[in-house]
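What follows is one structure encoded as structure tokens, with my remarks underneath.
Values quoted throughout were computed directly from the atomic coordinates according to the rules given, and no laboratory measurement underlies them. Remember, predicted model here, so these are calculated numbers, not experimental data. For neighbour counting, all protein chains shown are included, and Cβ atoms are generated from backbone atoms with ideal geometry for every residue, glycine included.
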Amino acid sequence: MPIPDGVVSPGLLTHKKINKTIKELQCASLKATSPTYFVIHSTAGKLSKEIILGYARKNFHGKAHAYIMDDGEIVNVQKFSNRGVYATKVEKATCKLVGSMLHIELNYSAGGKPSTKQYEVLAGLYVKLVDEFKKKLIIVTHKEVDRGIKAGHSDPENFSFTEFYAQIEKTNKYSLKDTEKISQERSEMPSWATDTAVWPPRLTGKER
């Protein structure tokens, strides 16, 4: 007997796939009241604008809210108001964190570093989002968010927080006073398999 449209045969899905689907639906349904973290990523491979725009037309889970090209153009994948977006291992593992992070990818090649324009635009975007959400967002890296999580990521690569913070303070004379933010030293700490997963993520020091 043919399977009616809209009905999935149990034989077509493994338990693993069913559990994965349920997990994704649960994560997508959770919505934090307001974001807390401004998470910086890097693509580790230069992506075309066409590929990035394709993310917006498909399943956006695992993708950032926006990408910044090397010339400073911002390519939006999802609205920053969309609380169902997640782009880190820790969010996928702990659904209650979904909606607490705003994700920004800097689009540059593996082994490369951000352009001056990317630093400028990223700084301006941070200030804009702080104003939009009426709170100072905690600045952190994808690496630190995922530290201690199996197969966690280690980006952004070759990122200078010294330059980024200087650019923020140039933006309409914005002050980083009282802003929780990751230090350059912490951002440069490599990820090891023996790292301990903690929440909230550490922003300074050498604890693992």
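Quick notes
- As a proxy for reagent exposure, ILE74, ILE138 were ordered by neighbouring Cβ count within 10 angstrom, fewest first; the result is ILE74, ILE138.
- Cα-based values for the range 34-188, radius of gyration first and Dmax second, are 14.4, 40 Å.
- Taking the DSSP bridge list for the range 34-188 and keeping only pairs wholly inside it, about 20 percent are antiparallel.
- Of the chymotrypsin sites (Phe, Trp or Tyr not before Pro) found in the range 158-208, those that fall in a DSSP loop while having at most 14 other beta-carbon atoms within 10 Å are TRP192.
- Given LYS63/LYS136; LYS79/LYS181; LYS128/LYS206; LYS92/LYS134, the pairs whose alpha carbons are separated by over 29 Å: LYS128/LYS206
- Along the range 72-85 the Karplus relation, 6.51 cos²θ - 1.76 cosθ + 1.60 evaluated at θ = phi - 60°, assigns HN-Hα couplings of x, 5, 9, 10, 7, 9, 9, 5, 5, 7, 6, 7, x, 7 Hz to successive residues, with x for each Gly and Pro.
- Between the range 97-116 and the range 134-186, the alpha-carbon center distance in angstrom: 11 Å
- Among the trypsin sites (Lys or Arg not before Pro) in the range 96-153, those placed in a DSSP loop whose Cβ has at most 11 other Cβ atoms within 10 Å are LYS134, LYS150.
- Going from the fewest other Cβ atoms within 10 Å to the most, the residues MET101, MET69 appear in the order MET69, MET101.
- Neighbour-count ranking [beta-carbon atoms within 10 angstrom, fewest first] of VAL127, VAL98, VAL145: VAL127, VAL98, VAL145
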